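Heads up: the structure comes next, in structure tokens.
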Amino acid sequence: MQSFTGKLTLIAACTLLLVLALGNPATASADPLGVTYTVTGGPGNWTLDFSVTNNIAGAPNQVFYFFGVALAGSTVAGSPALLPADPGIPVFNPSILFGGSNTNYNDIWLGSVDPADAHPGSTTTGFDVLVSSLTAPTAVQWFGFTEDTNFAPTYTAGGNFNVTGSQSFNAAVNPGFEGLATPSAGQAVPEPASIVLLCSGLLALAGLKRTIA
């Protein structure tokens with residue numbers, strides 16, 4: 001016979017699963033550039049749709065204009081209007097000039113530094129990549145650049161590439177960033193409907209076990 005405490009434990013576990021499944025909507029990262037992505041498709045044919053939020057504070061003219069990800073077996077499948085894919089840059093490695101990591105980014109988007117670009121507080125979507133792996137990536141390395149539309153040294157916060165010596169990169173005008181993107185909040189969690197069915201089944205089994213006992 002199942003104890004009353006055991007039943008309460010099962011109900012509490014189901015409640016916790018529902019809370020996690022419903023969750024809160026994704027919020028913009030506190031990093032200078034916040035990057036997430038959604039996943040659709042299936043094995044060997046995944047589509048990753050990246051979103052980039054410009055979180056830079058105190059420098060309103062720092063527009064987001066250059067972005068890329070490092071993904072093996074991938075091709076660019078879509079681009080935002082202001083940041084088209086750039087086949088002229090098959091690979092970008094920020095360590096060569098800009099003090100970033102020694103990473104070969106193979107999917108690249110590049111726009112012009114224009115006042116119409118993505119200002120602080122805006123989110124740019126539509127960076128789509130097709131991936132041929134059997135399983136969908138659970139994390140993707142990325143880089144991004146912003147630049148002051150007046151070419152003034154307005155960016156003074158941290159998080160940008162470590163530029164020193166004779167390198168031509170001016171971090172205060174044209175800062176570059178790197179990070180690790182993960183799927184949008186809640187995407188990897190089972191749907192609430194699935195959780196309800198799972199919990200209903202567990203509770204039903206618990207009742208059946210008690211009846212048999």
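Scanning the stretch 171-186 for residues that are more than 30 Å from residue 152 (Cα to Cα) and in a loop (DSSP other than H, G, I, E, B) turns up 184, 185, 186. Among the residues making up the stretch 65-79, those that are buried (at least 19 other Cβ atoms within 10 Å of the Cβ) and either under 30 Å from residue 135 (Cβ atoms) or outside the structural domain of residue 123 (by TED's automatic domain parsing) (or both) are 66, 67, 68, 69, 70, 71, 74, 76. Tell me which of these residue 95 doesn't satisfy, since it passes every other one: (1) crowded, with 18+ Cβ neighbours inside 10 Å; (2) free of Cβ contacts under 8 Å to residues at least 60 places away in the same chain; (3) outside any strand (DSSP E or B). In the conditions (1) crowded, with 18+ Cβ neighbours inside 10 Å; (2) free of Cβ contacts under 8 Å to residues at least 60 places away in the same chain; (3) outside any strand (DSSP E or B), residue 95 misses (1) alone.
The values are calculated or read from the model by the stated rules, or taken from the named source; none is laboratory data. These figures come from a predicted structure and were not determined experimentally. Cβ: placed from backbone, ideal geometry, glycine included. Neighbour counts: every protein chain shown.
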